[in-house]
Structure formats: structure tokens, C-alpha cells
Amino acid sequence: MTIASARRTTVDGGITVAETVAPVTPVAIEARVDSVDWKQVQAELDAQGWAVVPKLLTHAEADFVAGLYHQEEGFRSHVIMARHGFGRSEYKYFGYKLPPLIQALRTAAYPHLAPIANQWHERMGKQMRFPDEHAAFLDRCHQAGQTRPTPLLLEYAAEDYNCLHRDLYGEHVFPMQIAILLDQPGEDFMGGEFVMTEQRPRMQTRAMVLPLRKGDAAIFAVNSRPMKGLRGDYQVKLNHGVSKLYSGKRHTLGVIFHDAV
Ligand SMILES: [Fe+2]
């Protein structure tokens, strides 16, 4: 199967349209995900609760995915954040079937993260363990009534921001998720930094800004992570959000591994 990759062109009125320019296959995406240095990803996740994978998507692929935002089809819901007090921006959840590129990314990344997730759960004293394959984990979510897909596209314009939050959608929570930046900071938009905070027990909150360029993936803790202490491991809570955009447009693809109720 071939996925049409595309670039966006700005036409009168600043409307963005997608045009097909190059193909990328799910097999190619899968191979790229498999070639990521997952040892390095784990080292960064263990040390700070997040890791950056540079250039997981090419610029053409990033443009293609961002261009999906203004298509009518393929989404199950459209959320205007201000109506919910989540911030000021908007996003759309994909419906099943997911676009092949996103389906391939989600399925291929999961098996690399599941062993890290299991180690984290063991270290945090959590009972739940994760199966080797994403399909088996999704079956578990679906049996528990978490049947709605969670991959999403976000679009930020000037003045938009996303409040610090955690993406929990039910009892079943896979402890890491992926966000891919689809526009170039400093060129396509100004401001709009991806921010994480780490809340340590009885200590002040630490803020972290993730250094992302267009096409880079942030892999980060959804909820909590283990931290080594003098008397063994303890849990820290992490939140993520996006600081205010000053100008331009910023798109992100979010890949969450659990489905939602
Ligand atoms: Fe989020």
C-alpha cells in the first residue's frame, strides 16, 4: 500500500491545501521506527521522562500529516479547547481506520516501548504489565470499554496554548506517548514550546522545555515515571503542555497507545 505524501501550499486567504508529491509506505515507516536507537531512547526516558527522536518524519511527511487537519473525513471528533478550559487551541481525534502512516507508526513503535513500560511499572510497584504487540493491548482496552481511537492532530494559531495536563482516558494507560512536531519553530511559528513539568514528592516542581524541530518526535511519560532515590525507586508525576504561540501556525501529531472510553 502506498501513502501519498504531500506538501502544503498557502493560497489566498492563508488557507492551506494538501497536494500529493511523493509516496511513503507503511513498510518504510516501520523500518524507520525499527532503526531508531531505542537504547538511547530508554536511557533518556529513564533519566528525565522524555526522549527526542530527531527526524522521525521527513518534512514532506510532516506536511502531509498536518495537511490532513483541514480534511472533512477521517476524524471522530473536533475539540475546541477553550470550551473545556484546557487552554486555547483546537484538535481533532482520528477515527478508525487510522491513516496508514499513523497506523504504521503506532503499531511499530509500541513493541519497542512495551518492555520499557513494563520495567517502569515494576519499578513503580504497579501491577499491570503490557503485552508485546499493540493489537493485544488494544484488545484489552476495547474489552474494558476503551474503544475510541486517541491519535490526534492539534493546530495552534497565534495566542493559542495548551494547559499542562496528562492524557488519561480510562483505567488502561500505556505510560508513554509520542508527539511529532509538524512545523518548523522560528520559521512557521514563534513561541509554542513543548513544556513538561515534573512533580517530585515534597519538592518543588521542575520545568523542562523539549528541543523539537520539524519532524522530530518527543517520546514522553503520560502520567508518572520511576526515579531512583537513596532508598529505592519512587514515583514522580509528569504533565505536559504547550506555551503560548506568538505567531504562525503549529501542528502536532499525537500518538497515544491506549484508546479512550
Ligand atoms: Fe497531551
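The values are calculated or read from the model by the stated rules, or taken from the named source; none is laboratory data. All of these numbers come straight from a predicted model, not from anything done at the bench. So basically every Cβ, Gly included, is an ideal-geometry build from the backbone, and we count neighbours across all protein chains shown.
Quick test of your reading of the structure: VAL209 fulfils all but one of (1) in contact with an Asp or Glu (Cβ under 6 Å, 6 or more places away or on another chain); (2) within 13 Å of the ligand (Cβ to nearest atom). Name the failing condition by number.
(2)
Restricting attention to region 141-152, which residues are surrounded by 16 or more Cβ atoms within 10 Å (Cβ to Cβ) and either away from the ligand (no atom under 16 Å from the Cβ) or under 25 Å from MET196 (Cβ atoms) (or both)? Steps first, please.
Within region 141-152, the subset surrounded by 16 or more Cβ atoms within 10 Å (Cβ to Cβ) is 141, 146, 148-152.
Within region 141-152, CYS141, GLN146, PRO149, THR150, PRO151, LEU152 qualify.
Which residue out of ALA117, ALA179, ALA218 is more than 15 Å from the ligand (Cβ to nearest atom), surrounded by 20 or more Cβ atoms within 10 Å (Cβ to Cβ) and either within 17 Å of GLU44 (Cβ to Cβ) or modelled with pLDDT under 95 (or both)? Spell out the reasoning first.
On the way: ALA179 fails: more than 15 Å from the ligand (Cβ to nearest atom); ALA218 fails: more than 15 Å from the ligand (Cβ to nearest atom).
So the residue among ALA117, ALA179, ALA218 that is more than 15 Å from the ligand (Cβ to nearest atom), surrounded by 20 or more Cβ atoms within 10 Å (Cβ to Cβ) and either within 17 Å of GLU44 (Cβ to Cβ) or modelled with pLDDT under 95 (or both) is ALA117.
Only one residue in GLU187, GLU159, GLU155, GLU171 is away from the ligand (no atom under 12 Å from the Cβ), over 11 Å from VAL222 (Cβ atoms) and not in a loop (DSSP other than H, G, I, E, B), so which one is that?
Details: GLU187 fails: not in a loop (DSSP other than H, G, I, E, B); GLU159 fails: not in a loop (DSSP other than H, G, I, E, B); GLU171 fails: not in a loop (DSSP other than H, G, I, E, B).
From the options GLU187, GLU159, GLU155, GLU171, the qualifying one is GLU155.
Cβ-Cβ distance below 6 Å, separation of 6 or more or different chains: which pairs start in region 142-168 with a residue that is on the phi < 0 side of the Ramachandran plot and among the polar types (S, T, N, Q) and end on one that is outside any loop (DSSP other than H, G, I, E, B) and within 16 Å of the ligand (Cβ to nearest atom)?
Sorted first by the residue in region 142-168, then by its partner, the pairs are GLN146/ALA260; THR150/ALA260; ASN162/GLY87; ASN162/GLY241; ASN162/VAL242.
With respect to GLU133, is the statement that it is more than 16 Å from the ligand (Cβ to nearest atom) and either surrounded by 15 or more Cβ atoms within 10 Å (Cβ to Cβ) or within 18 Å of LEU105 (Cβ to Cβ) (or both) true? Give the steps one after another, and end with the answer.
Numbers: more than 16 Å from the ligand (Cβ to nearest atom): yes; either surrounded by 15 or more Cβ atoms within 10 Å (Cβ to Cβ) or within 18 Å of LEU105 (Cβ to Cβ) (or both): yes.
Against the criterion (more than 16 Å from the ligand (Cβ to nearest atom) and either surrounded by 15 or more Cβ atoms within 10 Å (Cβ to Cβ) or within 18 Å of LEU105 (Cβ to Cβ) (or both)), GLU133 qualifies.
Please specify each residue of region 222-256 satisfying the condition of being assigned to a loop (DSSP other than H, G, I, E, B) and either in contact with a Lys or Arg (Cβ under 7 Å, 6 or more places away or on another chain) or over 18 Å from HIS121 (Cα atoms) (or both).
Let us first name the residues in region 222-256 that are assigned to a loop (DSSP other than H, G, I, E, B), namely 222-223, 230-231, 243-244, 249, 256.
Selection gives VAL222, ASN223, LEU230, SER243, LYS244, LYS249.
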